[in-house]
Amino acid sequence: MEKQTSFVLQGNIIYTPDKDHFVSLKDGYLVIENGRITAISAQKPADYSSLPLKECSGKLIMPGFADMHLHAPQYIQIGMGMDDQLLDWLDQYTFKEEPKFADPNFARKIYPLLVDELANCGTTSAAIFATIHKESTDILCDTLAQKGLRAYVGKVNMDTNSAPALTEDTEQSLADTEAFIQKWQKHDLVKPIVTPRFVPSTTAKMMTGLGKLAQEYHIPVQSHLSENPGEIQLVKELFPEDKYYMSVYERFGLFGQTPTLMAHCIHLSDEEIDIMAKRKVYAVHCPASNLNLASGLMPTRKLLNAGVNVALGTDIGGGHTLYMPHEIVRAIEISKIRSLYHPEETPLKLCEAFYLATKAGGAFFGQTGSLEAGCSADFLITDIPDFQQDRTVEEQLQYFIYHGTAQDIREVYVNGRSIKKQTI
């Protein structure tokens, strides 16, 4: 990881200040000072002539991607069990694979591979589930910090309805979680997030304790919500006194009392959607995972129209790739399929899906995910072929999103520091 620098960057710049439109500059300039963007200009800014100029003419400069839901240990099971649906898939694969991370040496072998691939794919911010294992979770955090990626990481909590090797003692789990929070809460880039796996794997006692920790330490929360009909029915059986799946989280202080991410959110009533909007809870859309496990088609347009914050996630290993442009395309395609049967749900435009993958998720971390003045300098420099050089910058982005690869991402920066640099 290179030392943080201040410089002026020249190239074809594009970002989404809001979900409804792009801002683009051909051969524009970004001024980066102490890891933050301080100015953007169509002309070379004379006021910053003392700063070194990094010329990237003909290359595309865009915000880094924010992957707002992924399971780090499931990196080893990508592609496995895709003929199953959620609950069977968890039993047949996930709950057999995750106990391997009880061995810190196994975590030291696997997690650097995951972190390197995240950076190579242009992901600069991520919300990550680890496992129940405190030491391996620390190893994941150390690996992310050394790489220079921005992340929220959760030590997962599970004390019921799980494989024996993944069923924790409730009090010990809460104590380990508090120690993990205390260790990482003041780190610049890698921070803790309270992470009950999902309602079926956590008792009321566990959720009570986690809610108290989240509010005492002002820590955000992440979990799963309404991914699969079988899962929803199981929650009803376990907590019959709660009207909705989300009501369980809300009752225990895990649903908007601090910033909250809920993955999937596919099968929601209108009232539940309104509750999410009022509680300002993020719905994290995981298109590949939802298709692979036949969970359903998230009503993204309906959620956006209701004022729900929506972001994108790869959800490996339910998802099969860490490359966020593929999730952008799938989110658009799923919205087009839904529009065939729900004409009131107009399909997502590219600018909207790109926004969900950059600024919408980045906002959970603060000022990142865009190239506006004041934002952290988290950005990508990508190759564009010679035969696309006469295109507009928006057209160049279209080409990259639909046809580009991770190999086209030449450089990745977080806080103005280069964390990936490819050479030809």
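Here are a few things to note about the model shown:
- Looking only at the range 368-393, residues that are touching a residue at least 60 places away in the same chain (Cβ under 8 Å) and surrounded by 16 or more Cβ atoms within 10 Å (Cβ to Cβ) come to 15 in all.
- The set of residues from the range 147-179 being within 30 Å of GLU411 (Cα to Cα) and either more than 19 Å from the chain's Cα centre (by Cα) or among the charged types (D, E, K, R) (or both) comprises LYS147, ARG150.
- Any hit, the range 241-260, residues being at positive phi and of a type in the set (Ser, Thr, Tyr): no
- The residue pairs whose first member lies in the range 61-79 and is closer than 16 Å to ILE419 by Cβ, whose second member is charged (D, E, K, R) and at pLDDT 95 or above, and whose beta carbons are closer than 6 Å, counting only pairs six or more residues apart or on different chains, are GLY64/ASP378.
- Every residue from the range 217-236 that is touching a helix residue (DSSP H, G or I) at 6+ places or on another chain (Cβ under 9 Å) and assigned to a helix (DSSP H, G or I): TYR217, GLY230, GLU231, ILE232, LEU234, VAL235, LYS236
Here is a yes/no grid of residues against (1) in a helix (DSSP H, G or I); (2) acidic (Asp, Glu); (3) modelled with pLDDT under 95:
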site	(1), (2), (3)
MET82	no, no, yes
GLN92	yes, no, yes
GLU97	yes, yes, yes
PHE106	yes, no, no
VAL115	yes, no, no
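- Residue satisfying all of: in the range 326-352; among the charged types (D, E, K, R) and part of a helix (DSSP H, G or I); surrounded by the fewest Cβ atoms within 10 Å (Cβ to Cβ) among these: LYS336
- Checked against (1) assigned to a helix (DSSP H, G or I); (2) under 30 Å from GLU411 (Cα atoms); (3) basic (Lys, Arg), LYS186 passes all but condition (1).
- When we screen ILE40, ILE110 for residues that are outside the structural domain of VAL156 (by TED's automatic domain parsing) and modelled with pLDDT of 95 or more, the only hit is ILE40.
- Pick from the range 246-269, criterion out of contact with any Asp or Glu (no Cβ under 8 Å at 6 or more places or on another chain) and not in a loop (DSSP other than H, G, I, E, B), ranking: surrounded by the fewest Cβ atoms within 10 Å (Cβ to Cβ): SER247
- Candidate set: the range 196-216, residues that are in contact with a helix residue (DSSP H, G or I) (Cβ under 8 Å, 6 or more places away or on another chain) and not in a helix (DSSP H, G or I); chosen: the one surrounded by the most Cβ atoms within 10 Å (Cβ to Cβ): THR202
- The range 272-291, residues that are under 19 Å from ALA353 (Cβ atoms) and either surrounded by 24 or more Cβ atoms within 10 Å (Cβ to Cβ) or touching a residue at least 60 places away in the same chain (Cβ under 8 Å) (or both): TYR282, ALA283, VAL284, HIS285, CYS286, PRO287, SER289, ASN290
- Of the residues making up the range 373-396, those that are in a loop (DSSP other than H, G, I, E, B) and among the small types (Gly, Ala, Ser) are ALA373, GLY374, ALA377.
- Of the residues in the range 167-174, at least one is closer than 18 Å to ILE219 by Cβ, outside the structural domain of THR405 (by TED's automatic domain parsing) and either in contact with an Asp or Glu (Cβ under 9 Å, 6 or more places away or on another chain) or part of a helix (DSSP H, G or I) (or both).
The values are calculated or read from the model by the stated rules, or taken from the named source; none is laboratory data. As the structure is a prediction and not an experimental result, all values here were calculated from the model. Quick reminder, even Gly has a Cβ in these numbers, built from the backbone with ideal geometry, and neighbours come from all protein chains shown.
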